[in-house]
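Student: Can you read through this structure? Questions will come right after.
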Amino acid sequence: MRTKKWAVILSALLLSSSLLSACSSSSTKKEPAKKTEAPAGQAKPSKLVIASDQDPVGLDPQKSPAASSQRIYNLVYDTLTRFDFNMNIIPSLAQKWTVAPDGMSVTFELQKGVKFHNGREMTSADVKYSFERILDPNTGALARSNLADVESIEAPDPNTVVFKLKKPNAALISNVGSPYTAIVPKEVSDLNKEAVGTGPYKLGAVVAGQSITLTKNPDYFVKGMPKIDTLEFRIMKDEAERMAAARAEKVDLTTVSVDYAKILEDNKDLTIKSYQSREYGYLGINVNKKPFDDVRVRQAISYSIDRNAIVNTVWNGKAQLTGPITPIQKAFALNVAELPQYKKDVNKAKELLKEAGYPNGFDTVLQTASTYPDMVQSAQVIQQQLKEIGINAKIEQLEWAKYLDTWKSKDMTLLVGRNTAPADPDASLGAYFSTKGGTNVWNYSNKDFDALTQKGLETNDLETRKKMYTDAQNILMNDAPNIFLASPQYFYLINNHVEGFVPNAASEAYAIMQASMK
C-alpha cells in the first residue's frame, strides 16, 4: 500500500515537473534569465517567492480564521505581545507590562514611534479601539470570548493602555499575542478591502487565485527587520505543482507533506526542515444532532478509532498522539497514551452503541476539506474504522470556503479538521469547548468543565492551573465532543539560496522576517 502510494506521488512529481518545463518555453531550449543590475553602491532588491496552497479567505485579522489568511495578515499586522521560538511571551507593540497585585488590571506600555502603513503614528487610542472592536458582539471577532473578563480599556496617555478586569485573568498576556488581536487603525472601516497595519510588510497586489504580493515596511519598528524586500505568495493548490516549481527554482519556500519530504530529502539544491507543530487533527462531533447527542455514541466512536494508524498512515510516523492541548505545551498536556479511550476497543465500542439503542449502527455523513490531503486521508481512515462498528459514514469533500462556512455554521454532523492549539491552555479549552466559547462550534456544554476552566483562568499559580486543566481535559475526553487524533511534525522545503529561515511552532511570520537571500 505504501509502495503504491509513493509510486503515485513520484509519478505526479515527474509529470508536474515535465508540464512546468513544457509550459515555461515554446522551445526545448531554456532562455537565460535576464539580470537586473542594481546601481553602484546599492544592494539588489531581494524577493522571496512562497508557494501557498490556498487563497486567503478574508484579511480582517480579527474575523478571518483561515490559515491561508493568517499567514498573510500576520505579516501585515502586529499584536501587543508575541511568542519566541520556544513559546515564551515577549514584547511586541507593548514594550513592557505590569499586572496589578490583585490581578484586576494589566497596564501595557507601548513602543514609541510605531507607524501604521498609511504613515500615521499608532497610539493607545488605536489599541483601545482595536480591543473594543473585538469586544463588540456585532463584530463577530474570533477572540471575543478570550477577552470576556475585560471590563474596560483605558488610554490615559498616548503610550499607555490599561485593561480593567472583572476578575483576574492569567491568560490575558498571552491572549493579546493572538493573531486575532492584531492592532488596527481606527480610520479603516473595512479591513477586508484595505489592510493597514504596523507590521513588517505592506499589502501589495492581490490577484485572486494567483498571487499576493507584500512589500517591505521601511518604517518597521524592529530595527533591521525584515531583511527581504518583497514577498510573493503564489497560489498553487496542487502539491505536485508546488514541488515541481520548487525543483525548477520557480519558488523559494513552501510547506511540504511528510511524503514529499521523504522523497526530496536527498535533493542537493533543496533543504528540508521540520518542526513539531501546535496543530492537531480532530474529528468534530455536533452534540446537538442525533444520535450524537448521546455521549455513549460519541464514546463508541472514540474507542473505534486507532489513532496510531492515523499517525503511521497519514503522517508517516512523524506525529504524536494528542489531546486538546498539544504535546509541545509540555506543562499542561495530558499523556493521552495512558487513557483507555486511546486504545482501540471494537467490542467496547459495539457495546456502547448497543446501550445507546444502535446495535446495528447507523448511516451518517463525514465532511472534510478537499484541499488538504491529510484531512482527506484522516477521513478515509476514520471511515474504515467506523465501519467496523456498523457506522457507515459517507465522505463529503468540501472546497475550502464551503468547509469554513460549514465549520462556522454549528450545523455540521461529523467534521474532520485541524486546529492550532493557542499558546495558553485556557484558549485550547475554554475558547473551543466552554459553553460560551467563541470557537465552540460543536454545541458542547458541561457546567463542571466550564467551572474548572474558569478557575484555571483566574489563578496565576502554575501548579493550581495544571490541576484545573488536567481535570477539565479528562472531562472533555469522557464527553468526546471532539475525538483528538495527532499533532504532526511539519516540513518546509527551502531552496538553498534562502538562509536564516527557521521553522517553528510560534510563527511563520517571524521566521520569514529573519530570512535573507544569498
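The values are calculated or read from the model by the stated rules, or taken from the named source; none is laboratory data. The model shown is predicted, which means the values in this text are computed figures rather than measured ones. For neighbour counting, all protein chains shown are included, and Cβ atoms are generated from backbone atoms with ideal geometry for every residue, glycine included. These accessible areas exclude ligands, DNA and RNA; they are computed on the full protein's heavy atoms, side chains included. Shrake-Rupley method; radii C 1.70, N 1.55, O 1.52, S 1.80 Å.
Student: Within region 245-293, track down each residue that is farther than 27 Å from ALA427 by Cβ, of a type in the set (Ser, Thr, Tyr) and surrounded by fewer than 19 Cβ atoms within 10 Å (Cβ to Cβ).
Tutor: THR271
Student: Continuing with the same structure: Mind checking which residues of region 368-400 are polar (S, T, N, Q) and open to solvent by 30 Å² or more (accessible area, probe 1.4 Å)?
Tutor: Once the filter is applied, which keeps residues that are polar (S, T, N, Q) and open to solvent by 30 Å² or more (accessible area, probe 1.4 Å), region 368-400 yields SER370, GLN377, GLN380, GLN383, GLN384, ASN392, GLN397.
Student: For the structure I just gave you, tell me whether THR435 is touching a helix residue (DSSP H, G or I) at 6+ places or on another chain (Cβ under 6 Å), of a type in the set (S, T, N, Q), more than 22 Å from THR322 (Cβ to Cβ) and free of Cβ contacts under 8 Å to residues at least 24 places away in the same chain.
Tutor: yes
Student: Report, by residue number, each residue of region 54-72 that is part of a helix (DSSP H, G or I) and either open to solvent by 10 Å² or more (accessible area, probe 1.4 Å) or over 21 Å from TYR372 (Cα atoms) (or both).
Tutor: Selection gives ALA67, GLN70, ARG71.
Here is a yes/no grid of residues against (1) open to solvent by less than 20 Å² (accessible area, probe 1.4 Å); (2) touching a residue at least 40 places away in the same chain (Cβ under 8 Å); (3) among the β-branched types (Val, Ile, Thr); (4) closer than 29 Å to ALA100 by Cα:
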position: THR406; (1), (2), (3), (4): yes, no, yes, no
position: ARG418; (1), (2), (3), (4): no, yes, no, no
position: ASP424; (1), (2), (3), (4): yes, yes, no, yes
position: LEU429; (1), (2), (3), (4): yes, yes, no, yes
position: VAL441; (1), (2), (3), (4): yes, yes, yes, no
position: ALA451; (1), (2), (3), (4): no, no, no, yes
position: ALA480; (1), (2), (3), (4): yes, yes, no, no
position: PRO488; (1), (2), (3), (4): yes, yes, no, no
position: VAL498; (1), (2), (3), (4): yes, yes, yes, no
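Student: So ASP157 passes all but one of these: (1) open to solvent by 20 Å² or more (accessible area, probe 1.4 Å); (2) charged (D, E, K, R); (3) touching a strand residue (DSSP E or B) at 6+ places or on another chain (Cβ under 7 Å). Which condition number does it fail?
Tutor: Condition (3) is where ASP157 drops out.
Student: Let me ask another. Just to be sure, is VAL176 open to solvent by less than 40 Å² (accessible area, probe 1.4 Å), over 20 Å from the mean Cα position of the chain (by Cα) and under 18 Å from GLN70 (Cβ atoms)?
Tutor: no
Student: Would you confirm, using the coordinates I've provided, whether LYS202 is open to solvent by 50 Å² or more (accessible area, probe 1.4 Å), outside any strand (DSSP E or B) and either more than 30 Å from PRO425 (Cα to Cα) or of a type outside the set (Lys, Arg) (or both)?
Tutor: Here the answer is no, as LYS202 does not meet what is asked.
Student: Then there is this: How many of the residues in region 50-92 are within 17 Å of VAL176 (Cα to Cα), among the polar types (S, T, N, Q) and without any contact (Cβ under 8 Å) to a residue 24 or more places away in the chain?
Tutor: 1
Student: So the check is Cβ under 6 Å with 6+ separation or different chains; which pairs have a first residue in region 506-518 that's within 18 Å of ASN217 (Cα to Cα) and a second one that's of a type in the set (D, E, K, R) and assigned to a loop (DSSP other than H, G, I, E, B)?
Tutor: Correct list of pairs: SER516/LYS227.
Student: Of the residues ALA143, ALA155, ALA148, ALA171, which is small (Gly, Ala, Ser) and either at pLDDT 95 or above or farther than 28 Å from SER277 by Cβ (or both)?
Tutor: Testing whether each residue is small (Gly, Ala, Ser) and either at pLDDT 95 or above or farther than 28 Å from SER277 by Cβ (or both) leaves just ALA155.
Student: I would also like to ask the following. Do you know which of the residues in region 409-464 that are at pLDDT below 95 and among the basic types (Lys, Arg) is farthest from the chain's Cα centre (by Cα)?
Tutor: Filtering first and then ranking leaves LYS455.
Student: Considering only region 230-241, I want to know if a residue exists there that is farther than 30 Å from ASP252 by Cα, touching a residue at least 60 places away in the same chain (Cβ under 8 Å) and either among the acidic types (Asp, Glu) or assigned to a loop (DSSP other than H, G, I, E, B) (or both).
Tutor: No, every residue in region 230-241 fails to be farther than 30 Å from ASP252 by Cα, touching a residue at least 60 places away in the same chain (Cβ under 8 Å) and either among the acidic types (Asp, Glu) or assigned to a loop (DSSP other than H, G, I, E, B) (or both).
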